[in-house]
Amino acid sequence: MVVLWVGMALLILFKLWLIADQPVIALADASKDDLLFVQLADHLVLFDWLGPYDNLTLVKGPFYPIWIAVAFLAGVPLLLSQQILYAMACVVTERALQPLIVNCLSRMAIFILLLFNPVTFTWQLTRVLRDGLYPGLALLVTGSAIGLFVRRHESARSLIGWAVTCGLATAAFWLTREEGVWILPVLVPFVGWTMAVAVFSNWRGWPKIAVVTLPLALPLLAIHAVSLTNWIHYSVYTTVEVKTPEFKAAYGALTRVRAAEHKPQVPVTKETRQRIYPQSPAFAELQPSFEREGFWTLRAVDQENHPSGSDEIGGGWFIWALRDAAAEAGYFGSGAQAAVFFQRLANEINAACREKRLDCLPKRASLMPPWRSEYLLPVMKTIFSGFKMLVTFSGVSPTPAPSRGLAVYLALFQDLARERLSGQATSSAGERQATGVAGIETPSPRQTQLAKWKLSLLEKITVIYQSTIPYFAIATLVAIGVWLFRLIRLRKITTMGFIALIITIAICVRLLILAMIDVTSFLAIIPEYSSPLYPMALLCASLFVMDITHQSR
């Protein structure tokens, strides 16, 4: 056991040493992504919660800005903090599997496979984006839920650590991105089964029942704590404003109006907007913004070759266009004011639909575009492409892209991240002098040489995964086939196989969500959006193969 712990510690230190010279890619011109997270974190560092209220304040989950602020206050570089989280998740997963996999070498093999997962150091996750946290959080939720499940017959004292870890990880996971529902296929069976055992095996065992409710109680507590804080500051009781009933009703009302001509990945066409304006005074107030040349059009976001036409607003940008237009119309003075406006917009459009003044689909309140039968085949093909990307690690590379943006914002990135920035700033020397920013420091020749050597090692690790994991995937498919055959023949499911099956379902749900977004709105089958699936897929494949191996002995 001591040798195992020492080995894991040395491997973690080696991984942290390898990535220590990776620079942060600061996209200071990404006002709705990288720059937004840094600015929100800056307010948190100043103990000003998320800062003044506008249309961007509550548009994304608050946990990543909180993480940036906490890492800064703790004096830990941002990328290092994310790698430490992921390493902790690998350790938790290894500990979780101990009752199932007694052989230390087998568990160590899984640990190494997870720890050196190349997506954790790919250039996409060295941006200041919440996707950098997502693999660690997803693996931590999965590993702690497994640890709780496989020990479900043990005492409350044995379960409390797993329950608290699962609850805190789930809370952080849920407050990071808006589509966290895909993790429920992991939580519901593992935590639900554990709760059922606690309740029905000994209904008087209240301490154990209380403990196993923590994975649900802690996330609910965190969600309501954040919602209450937002209500105190911004007069809106929510964690993320785009998930409020009013905004979803407004978005759903706009997208239920039938277009004269369907255009791929365009939720509300220009022609459709022209028909809605006369029927909705609220939406008519947004017309000056929506019809302004270059306002969130595909041409303006460098998608001028889009098949739907460069003057349309694409699905990945319509939500920003709607919120920006409402802000320009003066409806983001407070959360309550914005909610009233969006509900009024929804009511007016729904009334026009009900009275047949507009040709509409059934009433809806959702951010997802209406489903069309023609999407089925493209979605299935896109899911297959997603699995292929996971297996081949295509698009994954540690080679960084250059930072860009105004020097004053680059300085904020460098300050809060406590990291060296990649490349050279695009701002001029005169601009740096005017703002008092020195720019990106140039490392010494020896540091540069060492950083290049580490980068070459990371590239070699990536190539090893890219060349070997496809064969591992083939072995996994064979193992799944044998597992299914034995399941049908013996009508008995093993614990390890059940866990692998549950993880597979969660992976499929996530890929289904991404495939639907990819087909209906914007490119979504990319490494950063799929980043939490890589460790889960590696874990799932390992469990299937080991389960068959153990049964064959």
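Inspect the range 75-96 for any residue being basic (Lys, Arg) and either under 23 Å from the mean Cα position of the chain (by Cα) or not in a helix (DSSP H, G or I) (or both) and give the result as yes or no. No, that holds for no residue.
Filter the range 480-521 for residues that are aromatic (Phe, Trp, Tyr) and surrounded by 16 or more Cβ atoms within 10 Å (Cβ to Cβ); which is modelled with the lowest pLDDT? Break it down into steps so the answer makes sense when it comes.
To start, the set of residues in the range 480-521 that are aromatic (Phe, Trp, Tyr) comprises 483, 485, 498.
Right, trim to surrounded by 16 or more Cβ atoms within 10 Å (Cβ to Cβ) and you get 483, 498.
On the way: Trp483: 87, Phe498: 94.
Filtering the range 480-521 for residues that are aromatic (Phe, Trp, Tyr) and surrounded by 16 or more Cβ atoms within 10 Å (Cβ to Cβ), the one modelled with the lowest pLDDT comes out as Trp483.
Residue check: Ser144 meets all listed conditions (1) within 19 Å of the chain's Cα centre (by Cα); (2) of a type in the set (Gly, Ala, Ser); (3) modelled with pLDDT under 95 but one, namely (3). Residues considered: Ser308, Ser235, Ser280. Of these, the only one that is in contact (Cβ under 8 Å) with a residue 24 or more places away in the chain, on the phi > 0 side of the Ramachandran plot and either within 28 Å of the chain's Cα centre (by Cα) or buried (at least 18 other Cβ atoms within 10 Å of the Cβ) (or both) is Ser235.
Scanning the range 334-385 for residues that are in a loop (DSSP other than H, G, I, E, B), crowded, with 16+ Cβ neighbours inside 10 Å and of a type in the set (A, V, I, L, M) returns Leu358, Ala365, Leu367, Met368. Might you check whether a residue that is touching a helix residue (DSSP H, G or I) at 6+ places or on another chain (Cβ under 6 Å), open to solvent by 30 Å² or more (accessible area, probe 1.4 Å), touching a residue at least 40 places away in the same chain (Cβ under 8 Å) and not charged (D, E, K, R) occurs anywhere in the range 285-302? Looking for residues that are touching a helix residue (DSSP H, G or I) at 6+ places or on another chain (Cβ under 6 Å), open to solvent by 30 Å² or more (accessible area, probe 1.4 Å), touching a residue at least 40 places away in the same chain (Cβ under 8 Å) and not charged (D, E, K, R), one finds none in the range 285-302, hence no.
If you go through the range 175-187 and pick out every residue that is surrounded by fewer than 17 Cβ atoms within 10 Å (Cβ to Cβ) and not hydrophobic (A, V, I, L, M, F, W, C), you end up with 2. For the condition of a type in the set (Gly, Ala, Ser), touching a Cys at 6+ places or on another chain (Cβ under 8 Å) and within 30 Å of Val38 (Cα to Cα), Ser227 does not qualify. Across the range 207-257, which residue is farthest from Phe342 (Cα to Cα) among those that are at pLDDT below 95 and among the basic types (Lys, Arg)? Out of the qualifying residues, it is Lys208.
Can you name every residue in the range 241-264 that is closer than 24 Å to Pro52 by Cβ, buried (at least 20 other Cβ atoms within 10 Å of the Cβ) and not aromatic (Phe, Trp, Tyr)? Show your work before the answer.
We begin by selecting, within the range 241-264, every residue closer than 24 Å to Pro52 by Cβ; these are 241-244, 246-247, 250.
Of the ones still in play, those that are also buried (at least 20 other Cβ atoms within 10 Å of the Cβ) are 241, 244, 246-247, 250.
Scanning the range 241-264 gives Glu241, Thr244, Glu246, Ala250.
If the condition is being more than 18 Å from Ile160 (Cβ to Cβ), assigned to a helix (DSSP H, G or I) and under 22 Å from the mean Cα position of the chain (by Cα), then the range 170-219 contributes Ala172, Phe173, Trp174, Gly180, Val181, Trp182, Ile183, Leu184, Pro185, Val186, Val188, Pro189.
Can you find a residue that is open to solvent by 40 Å² or more (accessible area, probe 1.4 Å) and under 30 Å from Arg354 (Cβ atoms) anywhere in the range 164-174?
Of the residues in the range 164-174, the ones open to solvent by 40 Å² or more (accessible area, probe 1.4 Å) are 164-165, 168, 174.
Going one step further and asking which of them are under 30 Å from Arg354 (Cβ atoms), we end up with none.
No - not one qualifying residue is present in the range 164-174.
The set of residues in the range 109-132 being under 29 Å from Ala163 (Cβ atoms) and open to solvent by 30 Å² or more (accessible area, probe 1.4 Å) consists of Ala109, Ile112, Leu113.
The values are calculated or read from the model by the stated rules, or taken from the named source; none is laboratory data. Quantities reported herein were computed from a predicted structural model and do not represent experimental measurements. Neighbour counts run over all protein chains shown; Cβ positions are idealised from the backbone, glycine included. Heads up: the accessible areas ignore ligands, DNA and RNA and are worked out on the full protein's heavy atoms, side chains in. Shrake-Rupley method; radii C 1.70, N 1.55, O 1.52, S 1.80 Å.
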